[in-house]
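This report concerns only the one structure given below.
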Amino acid sequence: MKQRRCIVLLLLLCMTALTNSWAAPPALVPAPAKMTVAEGTFRLTRETLICAGTGAEAEARTLGVALRTPTGLPLPLKAGEPKAGAIVLQLDRSLEPQLGAEGYRLSVTPARVTICAAAGAGLFYGGVTFRQLLPPQVFATKRVARALDGGWAAPCVEIEDKPRFAWRGLLLDPARHFMPPEFVKKLVDVMALHKLNTLQLHLTDDQGWRIEIKKHPLLTKLGSVRKESPMHGDRKRGDGKRYGPFFYTQRQIRDLVAYAQARHVTLVPEIEMPGHFLAALVAYPHLSCRGGQFEVRTRWGIEPDILCPGNDAALAFVKDVLGEVCDLFPSRFIHIGGDEAPRDRWKSCPKCQARLRAEGLTSEAQLQTWLNRRVEEFLASKGRRLLGWDEILEGGLTPGAAVMSWRGIKGGIAAASAGHDVVMAPTTHCYFDYAQSKAPGEPECIGGFIPLSRVYEFEPVPAELPESKSRHILGAQGTLWSEYMWTPRDVEYFAFPRAAALAEVVWSPAEQKDFAGFERRLQNHLLRLDQLGVNYRKEPAGAGTSGR
Ligand code: ACM
Ligand code: ZN
């Protein structure tokens, strides 16, 4: 009798444990703004339909492809009236004031999944969240052959979600080490899974010119090759290996832009000027202050020879390049670099000094602003806005400029206080080329130390910024400068899981920040990255993810 009571008690305990495990919130990354979890599940079966309301067809197709690939289920698309056992996508413009273009409502019940949003982006993100509710194998890039325990089931939830910031970015640097188009696509896919929506491509630098410009073909003919690179493990020496030619053709760029657009990722081109410009001077030395012969730089670091703004031909050249760039990239912002431009050559250049006098300028910093002003006007004529690193503040910001704050947040505070838009990418929290851990065995890197917890702690809106100016903080961006990233696998290692932490910083409500909770969810999330074949940094057994 006593034994029977014990068994009943044990059974009851087990049932409670099971119920609790069902009720545990699903491991979504980034965490949604509002979520309630209910009993039960929705199952994908051979009978499941995908129903698209008017205007939702493209997103329904995208979700269909994403689900069909791993599950092998037919999941046919049906227009119009939602049926039971269906995944329903509906556009509802009336949600715009509440949820914006990127927010969504997702309801999962045993009978139906409903995603509602004011625009395609919101439907897409609702779809991403629904996929995260399913087993991690749903992110497999091929059909999953083995039957899953429990099948393709998602827990029942009610979610209302929208991003905290509009700019949720990463920077990729194909200039120092080229990253092939297939990898850019993979990165876009993985970003979309994190609801990151902006990928800045650092297309030009002293060490290589990586974008085809039809009007000036020598840029890629000469500027996309370097004699050698710094040696792996000994950055002061050369490796003796020719590097290149490597660049994106205009056809490849158009293909990448379309691919990213379908995943609601904006590709933002960066064309560096006046500094980090040596690869262009190799092709067209008359654009420099002193002329002569240049070589594509074979060491990392900063080059003294830069663009000569005293030269009218330099301005015409910049407009030619940016004209083609604007034709290729629909991005509203065009990044013109502007960082780390030593202005010493300008001091001894008769053309630069003549320009200074003619324009009534009193410093070389103002001459950089003068150049930016011309570029800004040109971009405005194409309906675009100028974005540059925080050095563009030094000679005075041009009226419409937006600033990417990298030398800490001071530049961002100054720009936003003056009413300029700002993206935060400070070296203190957002430089993903810094080490993730001080443990032995980490790969060579540029220096610095930014563990996962530091990224997660980042608050893009500075406390000292007046409330009325906080709307100028568009968001934040993690940078993947590639001096010490030779291959896509290296980029993935430095990017993840830190980009997952950044995704939560820029998407989820600030009040919900919870690093311990994030770390718990991350354990599940990493299973998704496994399915996608992402070479993220794995914590040695027994260590916390903080990397200390
Ligand atoms: C930069 O890291 N020079 C923007
Ligand atoms: Zn000059």
Before we move on, is LEU502 more than 20 Å from ILE409 (Cβ to Cβ), buried (at least 17 other Cβ atoms within 10 Å of the Cβ) and not polar (S, T, N, Q)? no
Scanning segment 271-294 residue by residue, those out of contact with any Asp or Glu (no Cβ under 9 Å at 6 or more places or on another chain) and either within 16 Å of ligand 1 (Cβ to nearest atom) or farther than 26 Å from ASN372 by Cα (or both) turn out to be ILE271, MET273, PRO274, GLN293
Of the residues in segment 154-182, those that are part of a strand (DSSP E or B) and either surrounded by fewer than 18 Cβ atoms within 10 Å (Cβ to Cβ) or acidic (Asp, Glu) (or both) come to GLU158, GLU160, ASP161
Next on the checklist: Within segment 496-513, does at least one residue satisfy the condition of being within 16 Å of ligand 1 (Cβ to nearest atom) and either closer than 21 Å to HIS202 by Cβ or under 20 Å from the mean Cα position of the chain (by Cα) (or both)?
Outcome noted: no
The residue that is farthest from ligand 2 (Cβ to nearest atom), considering only those in segment 397-430 that are within 16 Å of the chain's Cα centre (by Cα), over 16 Å from GLY338 (Cβ atoms) and crowded, with 24+ Cβ neighbours inside 10 Å, is HIS429
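How many residues does segment 323-362 hold that are in contact with a Cys (Cβ under 8 Å, 6 or more places away or on another chain), buried (at least 19 other Cβ atoms within 10 Å of the Cβ) and in a helix (DSSP H, G or I)? Step through it out loud before you land on a result.
Filtering segment 323-362 down to residues in contact with a Cys (Cβ under 8 Å, 6 or more places away or on another chain) leaves 334, 345-346, 348-349, 351-352.
Subset that is buried (at least 19 other Cβ atoms within 10 Å of the Cβ): 334, 345-346, 349, 352.
Right, trim to in a helix (DSSP H, G or I) and you get 345-346, 352.
Here the count works out to 3.
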> For segment 372-388, does any single residue satisfy the condition of being surrounded by 15 or more Cβ atoms within 10 Å (Cβ to Cβ), within 13 Å of ligand 2 (Cβ to nearest atom) and at pLDDT 95 or above?
Replying inline: no
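For every residue, the table says whether it meets (1) farther than 30 Å from LEU63 by Cα; (2) of a type in the set (A, V, I, L, M); (3) crowded, with 18+ Cβ neighbours inside 10 Å.
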| site | (1), (2), (3) |
| --- | --- |
| THR204 | yes, no, yes |
| ASP239 | yes, no, no |
| ARG254 | no, no, no |
| ALA260 | no, yes, yes |
Margin query: Criterion first (under 30 Å from VAL375 (Cα atoms) and buried (at least 20 other Cβ atoms within 10 Å of the Cβ)) does SER470 satisfy it?
Written below: no
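Is it fair to say LEU256 is closer than 28 Å to THR198 by Cβ and modelled with pLDDT of 95 or more? Write out each step before concluding.
Numbers: closer than 28 Å to THR198 by Cβ: yes; modelled with pLDDT of 95 or more: yes.
So LEU256 passes the test.
If we only count strands (runs of 3 or more DSSP E) wholly inside segment 388-490, which ones have 3 or more residues that are within 16 Å of ligand 1 (Cβ to nearest atom) and out of contact with any Cys (no Cβ under 8 Å at 6 or more places or on another chain)? Walk me through it before giving the result.
Working: elements: 402-405, 422-424, 473-480.
Output list reads 402-405.
One line per residue, one yes/no per condition, for (1) more than 16 Å from ligand 2 (Cβ to nearest atom); (2) under 27 Å from the mean Cα position of the chain (by Cα):
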site: PRO269; (1), (2): yes, yes
site: SER288; (1), (2): no, no
site: PHE294; (1), (2): no, no
site: TRP300; (1), (2): yes, yes
site: PRO309; (1), (2): no, no
site: VAL318; (1), (2): no, yes
site: HIS335; (1), (2): yes, yes
site: GLU340; (1), (2): yes, yes
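The values are calculated or read from the model by the stated rules, or taken from the named source; none is laboratory data. None of these values were measured; they are calculated from a predicted model. Note: ideal-geometry Cβ built from the backbone for every residue, glycine included; neighbour counts use all protein chains shown.
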